[in-house]
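Enquirer: A single structure is presented below for examination.
Since every read-out is calculated from the coordinates, none of them should be taken as a lab result. The model shown is predicted, which means the values in this text are computed figures rather than measured ones. Positions of Cβ are generated from backbone atoms using ideal geometry, with glycine treated the same way; all protein chains shown enter the neighbour counts.
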Ligand SMILES: [Zn+2]
C-alpha cells in the first residue's frame, strides 16, 4: 500500500513534467513554422592569399571576399557571393542557421518528452507472473 502511494506521487510528478515538456515542444514547433526563404551554407568574409609571390597579399594584405560554403555530396564547396547579393544571401543563410538551431532544440525536446512517457509507463508496469518458473519441455 505504501508502495502504491509512492508510485502515484511519482506518476503525478511525471505528469506535470510531461505537460511542461509538451508546452516546450509546442513552442519549438511554433518557432519552426516560419515561411522565410533560406539557403544552405555558412556565409562569411574569407581572407586569403592567392599564391602569386609578387602580389600584395604575400606581404600581408590578404584578398577578401564574401563566400557561402557548404558540403555537397561529402565535398566542401565554396561560392563567391557577388556584392549586390550579399545582403540577401547573408539573410537567407542566417535563416537557415536559425532553422538548424530550432530543429536541434526540437529533437532534444522530443526525446525528453518520449523519455517521460517511458518513465510513466515503467511506473505502471507490473511483474507477472510473480513467481517466474521456467518451463522445460
Ligand atoms: Zn594575391
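Enquirer: Which of 69, 127, 80 moves the most in a Gaussian network model of the chain with Cα springs under 10 Å?
Expert: 127
Enquirer: Now a separate question. Pick out which of 113, 25, 62 has the largest mean-square fluctuation in a Gaussian network model of the chain, springs linking Cα atoms closer than 10 Å.
Expert: 62
Enquirer: Something else now. Okay, helix-only estimate at 222 nm for the chain: each DSSP H run of n ≥ 4 adds -39500 (n - 2.57), divide by all residues, round to 500 deg cm²/dmol; what do you get?
Expert: -18500 deg cm²/dmol
Enquirer: Moving on to the next point. Where is the GNM fluctuation largest for the chain (alpha-carbon springs, 10 angstrom cutoff): 47, 31, 90?
Expert: 47
Enquirer: What does a probe at residue 10 reach in the stretch 93-137, counting residues whose amide N is under 20 Å from the point 7 Å along Cα→Cβ?
Expert: Residues 112-131 qualify, since their backbone N sits under 20 Å from the label point.
Enquirer: Want the number for residue 111 to residue 45: 0.36 nm per residue separation, take away the alpha-carbon distance, what's left?
Expert: Full extension of this stretch gives 20.1 nm more.
Enquirer: Oh, and also: Multiply the residue gap between residue 22 and residue 128 by 0.36 nm, knock off their C-alpha separation, and tell me the result in nm, one decimal place.
Expert: 35.0 nm is the gain from fully extending residue 22 to residue 128.
Enquirer: Measure nothing but the geometry: give the 0 to 90° angle between the long axis through the Cα atoms of 86-124 and the longest principal axis through the Cα atoms of the chain, rounded to 10°.
Expert: Computed tilt is about 10 degrees.
Enquirer: Kindly identify the chain as rounded, prolate or oblate by the Cα gyration tensor criterion: order the square roots of the eigenvalues as a ≥ b ≥ c, call it rounded if a/c is under 1.5, otherwise compare a/b with b/c, prolate if a/b is larger, else oblate.
Expert: prolate
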